[in-house]
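Visitor: Quick one: the structure is below, and I'll ask about it shortly.
The values are calculated or read from the model by the stated rules, or taken from the named source; none is laboratory data. In this text, all values refer to a predicted model and were calculated from it rather than measured experimentally. When we count neighbours, we look across all protein chains shown, and the Cβ atoms used for this are built from the backbone with ideal geometry, even at glycine. These area figures cover heavy atoms from the full protein model, side chains too; ligands, DNA and RNA do not enter into them. Shrake-Rupley method; radii C 1.70, N 1.55, O 1.52, S 1.80 Å.
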Amino acid sequence: MNPIQFNNKNDLQVYPRDINRDIKLLESAGCDFLFHPSETEMYPEPVNEVFDFGNLDNVMEGLFRPGHFNGVAVVVKKLFEILKPDRAYFGLKDYQQLVIIHKVVSDFKLSVEIVPCSTVREEDGLAMSSRNQLLSKTERMQATMIYEALKMVKIQSGYLTINEIKRLIENLFLKTKTTKLEYFEIVDMYTLKPLTTWAQSSNVIACIAVYVGNVRLIDNIILFS
């Protein structure tokens, strides 16, 4: 657990943690080594390092979670420098994070290959996440709306305008009492710049953040690439 990437202290306190379960899963996957340092080992002194991500952290997660990506970059850079891995694997579900880590590796000329991994989903489409454990039974059912909405966006992309699609998604989540749309953006996959027309980019991804009850979930879907 990396406390400096949590801009919300309550989010850190309730975030699901089960190291024993994680160890068993790693063993079943044939893992040879587990690096599990304590907070004091990773941060013996106050963290003062500040990264420049350009405009990559000025949208979506960066707007609603100030300081989050700086915390992510601090710990990821530390891990790469300590472990010196050949490859590091990051899920596409946290797409903005993936783009920012690519920038950190490039800016600091770190010799590690960043390997994107497809989002793993439950049978009903909900993206797998530790936060899913915090959902009530009713909320868990409502959460399936997120991926259903993204699939609808992919179908409508190119037929409706971007503004029409954004209004469609906003209205969809207004219809339920248990969900609250925090943001929905259609952006360029490399710059993360929000688009207003389809002609602005040929590499396009739709990203979403939704509160289901008190649980914040994110997801995305590639529209064009």
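Visitor: Tell me, please, whether a residue that is in a helix (DSSP H, G or I), open to solvent by 50 Å² or more (accessible area, probe 1.4 Å) and out of contact with any Pro (no Cβ under 8 Å at 6 or more places or on another chain) can be found in the range 123-132.
Guide: no
Visitor: Just the residues that are part of a loop (DSSP other than H, G, I, E, B), under 18 Å from residue 145 (Cα atoms) and in contact with a strand residue (DSSP E or B) (Cβ under 6 Å, 6 or more places away or on another chain), please, taken from the range 108-122.
Guide: 119
Visitor: Given the residues 105, 50, 75, 59, which is the only one that is farther than 24 Å from residue 195 by Cα and in a loop (DSSP other than H, G, I, E, B)?
Guide: 50
Visitor: Just for the range 1-34: of the residues that are closer than 15 Å to residue 131 by Cβ and open to solvent by 60 Å² or more (accessible area, probe 1.4 Å), which one is modelled with the highest pLDDT?
Guide: 18
Visitor: Looking at 159, 190, which is the one that is out of contact with any helix residue (DSSP H, G or I) (no Cβ under 8 Å at 6 or more places or on another chain) and either closer than 24 Å to residue 65 by Cβ or open to solvent by 20 Å² or more (accessible area, probe 1.4 Å) (or both)?
Guide: 159 is the lone residue from the list that is out of contact with any helix residue (DSSP H, G or I) (no Cβ under 8 Å at 6 or more places or on another chain) and either closer than 24 Å to residue 65 by Cβ or open to solvent by 20 Å² or more (accessible area, probe 1.4 Å) (or both).
Visitor: Is there any pair linking a residue in the range 50-61 that is modelled with pLDDT of 95 or more to one that is part of a loop (DSSP other than H, G, I, E, B), with Cβ under 6 Å and at least six apart or on different chains, and which?
Guide: 56/192; 59/192
Visitor: Evaluate the range 71-93: report whether one residue or more is crowded, with 18+ Cβ neighbours inside 10 Å, in contact with a strand residue (DSSP E or B) (Cβ under 9 Å, 6 or more places away or on another chain) and over 21 Å from residue 110 (Cβ atoms).
Guide: Checked the range 71-93: at least one residue is crowded, with 18+ Cβ neighbours inside 10 Å, in contact with a strand residue (DSSP E or B) (Cβ under 9 Å, 6 or more places away or on another chain) and over 21 Å from residue 110 (Cβ atoms).
Visitor: All but one of (1) under 21 Å from residue 190 (Cα atoms); (2) modelled with pLDDT under 95 hold for residue 87, so report the exception by its number.
Guide: The number of the failed condition is (2).
Visitor: When you check residue 181 against the structure, is it open to solvent by less than 50 Å² (accessible area, probe 1.4 Å), assigned to a loop (DSSP other than H, G, I, E, B) and either hydrophobic (A, V, I, L, M, F, W, C) or modelled with pLDDT of 95 or more (or both), yes or no?
Guide: It is false that residue 181 is open to solvent by less than 50 Å² (accessible area, probe 1.4 Å), assigned to a loop (DSSP other than H, G, I, E, B) and either hydrophobic (A, V, I, L, M, F, W, C) or modelled with pLDDT of 95 or more (or both).
Visitor: State all residues of the range 134-156 that are exposed (fewer than 12 other Cβ atoms within 10 Å of the Cβ) and either touching a strand residue (DSSP E or B) at 6+ places or on another chain (Cβ under 6 Å) or among the polar types (S, T, N, Q) (or both); if no residue qualifies, say none.
Guide: Hit for the range 134-156 is 138, nothing else.
Visitor: Quick one: in the range 35-60, which of the residues that are within 16 Å of residue 77 (Cα to Cα) and touching a Phe, Trp or Tyr at 6+ places or on another chain (Cβ under 8 Å) is least open to solvent (accessible area, probe 1.4 Å)?
Guide: Filtering first and then ranking leaves 53.
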